[in-house]
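Working notes, beginning with the structure itself.
The values are calculated or read from the model by the stated rules, or taken from the named source; none is laboratory data. Remember, it's a predicted structure, so these values are computed and weren't measured experimentally. All Cβ positions, even for glycine, are placed from backbone atoms using ideal geometry, and neighbour counts span all protein chains on display. Ligands, DNA and RNA are excluded from the accessible area calculation, which covers all protein heavy atoms including side chains. Shrake-Rupley method; radii C 1.70, N 1.55, O 1.52, S 1.80 Å.
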Amino acid sequence: MILPVTVYGDTLLRKKAVEIDKDYKDLNILIENMYETMYNADGIGLAAPQVGLSIRMFIVDGTGMEEEEPEMKDFKKVFINPEINETKGEKWEMEEGCLSLPGIRENVSRQDEVSITYYDEHWNKITETYKGFAGRVVQHEYDHLEGKLFIDYISPLRRKLLKGRLTAITKGKSKAHYRVNVPG
Ligand code: NI
C-alpha cells in the first residue's frame, strides 16, 4: 500500500524518533508499504517519520544506480534502531533532495564516510561503513530520525531564498507527483 508522505511543516519531521522492539506490530507490512511508497515517489531512501511514524527505522534502495555509483551494489537495506558510530573523511558537496521537500534541491556538504550499527529486518545486528553516495544517503536518512532535514545545513541566505517555496509545501501547494500529507 502506498502511504502519503509527510512533508515540511509537519512537527513530526522535527521530533527525535524512538526505538522499536521485536514485538512492533506488523513491521513486515510497514517495510513493504515503505518500499512501495518510496518506489512510487522515485526515492532512494525513506525514513519512518516521512510516513507519519516517529520510530527509528529507514529503508534505502540505490541498486538501480550501480552503473554510475558502484557503491550502490547491494544497497537495498532496512535499518532498524540505527546508531551512527562515527562520520569521517573529507567533506564534499552534492545536490540533495527529499521526498518531504518536494521540488527543492540544494547543495549539502557532508563527510564521506559513516560507520553505523543497526538491526536488519530479521533483527540481525550489523555494523557497516558506507562511503560516497551510499554514505550520503545513510546520513540523510539517519538525520530524519533525529528530526533534521537537509535544508538545516544550507546557508541562511539560501534558506531565505527558499522561504516562499517552503511555505507553499506547508500549505499543500507543492507539486509532488505522489500523495502527500499536508500539515495540520
Ligand atoms: Ni529525506
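Computed values, structure above
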{"read-out": "Failed condition for ILE104, given (1) in a loop (DSSP other than H, G, I, E, B); (2) in contact with an Asp or Glu (Cβ under 6 Å, 6 or more places away or on another chain); (3) of a type in the set (Val, Ile, Thr)", "value": "(2)"}
{"read-out": "Residue within region 136-145 that is out of contact with any helix residue (DSSP H, G or I) (no Cβ under 8 Å at 6 or more places or on another chain) and either away from the ligand (no atom under 14 Å from the Cβ) or open to solvent by 30 Å² or more (accessible area, probe 1.4 Å) (or both) present", "value": "no"}
{"read-out": "Some residue of region 148-171 being away from the ligand (no atom under 13 Å from the Cβ), open to solvent by 20 Å² or more (accessible area, probe 1.4 Å), under 28 Å from VAL78 (Cβ atoms) and part of a loop (DSSP other than H, G, I, E, B)", "value": "no"}
{"read-out": "Members of region 29-62 that are more than 13 Å from the ligand (Cβ to nearest atom), open to solvent by 30 Å² or more (accessible area, probe 1.4 Å) and hydrophobic (A, V, I, L, M, F, W, C)", "value": "ILE29, LEU53"}
{"read-out": "Cross-chain or 6+ apart pairs with Cβ under 9 Å, region 89-101 first and within 14 Å of the ligand (Cβ to nearest atom), then part of a strand (DSSP E or B) and open to solvent by 80 Å² or more (accessible area, probe 1.4 Å)", "value": "MET94/ASN107; GLU95/ASN107; GLU96/ASN107"}
{"read-out": "Subset of region 63-84 that is within 14 Å of LEU27 (Cα to Cα) and more than 15 Å from the ligand (Cβ to nearest atom) - its residue that is surrounded by the fewest Cβ atoms within 10 Å (Cβ to Cβ)", "value": "ASN81"}
